[in-house]
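Just so it is clear, none of the values below were taken in a lab; they were calculated from the coordinates. Note that the coordinates shown come from a computational prediction; the quantities given were computed from them, not determined experimentally. Positions of Cβ are backbone-derived with ideal geometry, glycine not excepted, and every protein chain shown enters the neighbour counts.
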Amino acid sequence: MISGGGTGGHIYPAIAIANAWVEKHPDSEVLFVGALGKMEMQKVPEAGYKIIGLPVAGLQRSLTWKNLSFPFKLIKSLAKAGEIVRDFKPQVVIGVGGYASGPVLYAAQGKKIPTLIQEQNSYAGITNKILSRRAKTICVAYPNMQSFFPSDRLVLTGNPVRKDILHLDGKREKAMAHFDLDPTRKTLLVLGGSLGARTLNQATLKDMQAFENHGYQVLWQSGKYYFKDMSKAVEDSGLEHIHLREFIREMDLAYSAADVIVSRAGALSVSELSLVGKPVIFIPSPNVAEDHQTKNAMAYVLQESALILKDAEAVGQMKEEVDSIMNEPDLVKRLSQNIRALAKPNAAEEIVNEIEKLIA
């Protein structure tokens with residue numbers, strides 16, 4: 001049983017773990033448990049797995065009437081999770097973070113079923129810290145996580161990622177044709193997530209004329225919330241080498257096309273970009289718990305494997321950071337080599353090995 005979700009950063013590693021497990025144990029039955037109304041309820045069935053939803057929701061940080069329903073949803077979710085665990089009778093339960101993870105792992109631990117936590121970030125959330133007290137194994141993506149978890153149960157595996165980005169060699173020509181890019185121009189890839197990132201969009205909008213003037217082209221994922229406004233702005237500009245997309249599905253091709261990448265610093269993005277091995281400028285989101293995206297990015301910056309630009313400084317300064325990489329071949333080489341050295345391409349398989357130890 002695999003529980004959790006809420007964002008792609010939780011869901012895609014969960015699916016990658018399930019895929020690696022089923023590849024090795026094709027006769028296994030895998031059940032996902034997510035939160036009703038969250039994206040896992042769509043993405044998990046699309047990946048071919050059954051999922052059951054809990055009515056659980058998060059506690060809002062601001063004072064809001066929504067918090068009044070929190071304890072009732074939690075109690076209902078704990079009861080439902082207990083029923084699901086009792087009926088499915090899993091041999092092991094995996095928590096990947098997100099609202100559903102807490103009730104399901106709590107229920108499993110109460111029934112003495114082995115549990116494994118997969119923590120994607122460099123800063124652990126409070127739910128995982130509490131659950132780790134009775135978890136048998138905690139798989140992490142960053143070193144030095146013993147300040148959050150019992151050191152004797154920590155295993156450094158990295159974050160599981162999509163298989164298609166493991167093999168980018170020879171795809172550049174196909175990528176140029178797919179996105180209608182100019183093979184003679186250097187390509188800047190801007191990624192703000194599926195919903196979009198306001199700061200990254202504003203910064204790209206401000207600098208897109210300069211990027212084109214400097215001989216670059218931009219492949220730009222604006223996200224769903226911003227696509228309409230950004231599309232109009234690009235159209236009104238008359239620029240020929242700004243290639244806007246609401247969402248990019250063919251990420252292997254996008255990464256193949258890129259010379260420099262600008263991205264938020266969510267755990268999954270950071271792990272994927274390690275495997276890609278291209279120069280990266282991280283602009284961490286300030287709107288996340290415990291500022292964990294900055295901590296994710298700094299783990300790479302301190303090893304000279306990426307650059308960082310504060311969200312508050314990105315609009316107006318992104319162009320300078322991009323130029324500093326595009327015009328420095330030695331910096332490109334150093335950043336590429338260093339970030340690739342941090343990659344964990346076999347994370348899913350290593351987590352499967354740890355699951356097998358719990359069942360044996």
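In terms of other Cβ atoms within 10 Å, V33, V332 run from fewest to most in the order V332, V33.
Could you pull out the pairs from K163/K295; K80/K357; K24/K310; K24/K136; K129/K310; K174/K357 whose alpha carbons sit more than 31 Å apart here?
Listed pairs above 31 Å: K24/K310; K174/K357.
Compute the helix-to-body angle for 8-24: its Cα long axis versus the longest principal axis of the chain, expressed 0 to 90° and rounded to tens. With rounding to tens, the tilt is 70 degrees.
Annotation: aspartates and glutamates with alpha-carbon distance below 15 angstrom to K89 (same-chain offsets under eight excluded): E29.
Peptides 102-115, 205-218 ranked from most to least packed by the mean count of surrounding Cβ atoms within 10 Å: 102-115, 205-218. Sorted fewest first by neighbouring Cβ atoms within 10 angstrom, H167, H241, H178 come out as H167, H178, H241. Scaling against 2.2 N^0.38 Å puts the C-alpha radius of gyration of the range 164-341 at 0.94. Taking the alpha-carbon distance from K232 and a cut-off under 19 Å, which lysines remain once sequence neighbours fewer than 8 residues away in the same chain are dropped? Here the lysines satisfying the reach criterion relative to K232 are K206, K224. How charged is the neighbourhood of G110? Take every other residue with its Cβ under 11 Å from the Cβ of G110, and add Lys/Arg as +1 and Asp/Glu as -1. Taking every other residue near G110 into account, the sum is +4.
Between the residues F211, S274, I325, the greatest Cα displacement towards the positive end of the dipole of the range 164-341, with unit charges on the Cβ of Lys, Arg, Asp and Glu, is found for S274. Highest mean packing first, where packing is the average number of other Cβ atoms within 10 Å per residue, the peptides 86-99, 124-137, 252-265 line up as 252-265, 86-99, 124-137.
As a calculated quantity, the FRET efficiency between R134 and Q303 at R0 = 35 Å, using C-beta atoms, amounts to about 0.55. Which shape class applies to the chain: rounded if a/c is under 1.5, otherwise prolate when a/b exceeds b/c and oblate if not, where a ≥ b ≥ c are the square roots of the Cα gyration tensor eigenvalues? Verdict is prolate for the chain. Exposure proxy ranking for D152, D180, D229, based on other Cβ atoms within 10 angstrom of each Cβ and starting from the fewest, stands as D152, D180, D229. Electrostatic bookkeeping for L31 treats Lys and Arg as +1 and Asp and Glu as -1; over the other residues with beta carbon under 14 Å from its beta carbon, the sum is 0. The calculated FRET efficiency for D152 paired with Q202, based on their beta-carbon distance and R0 = 51 Å, is about 0.65.
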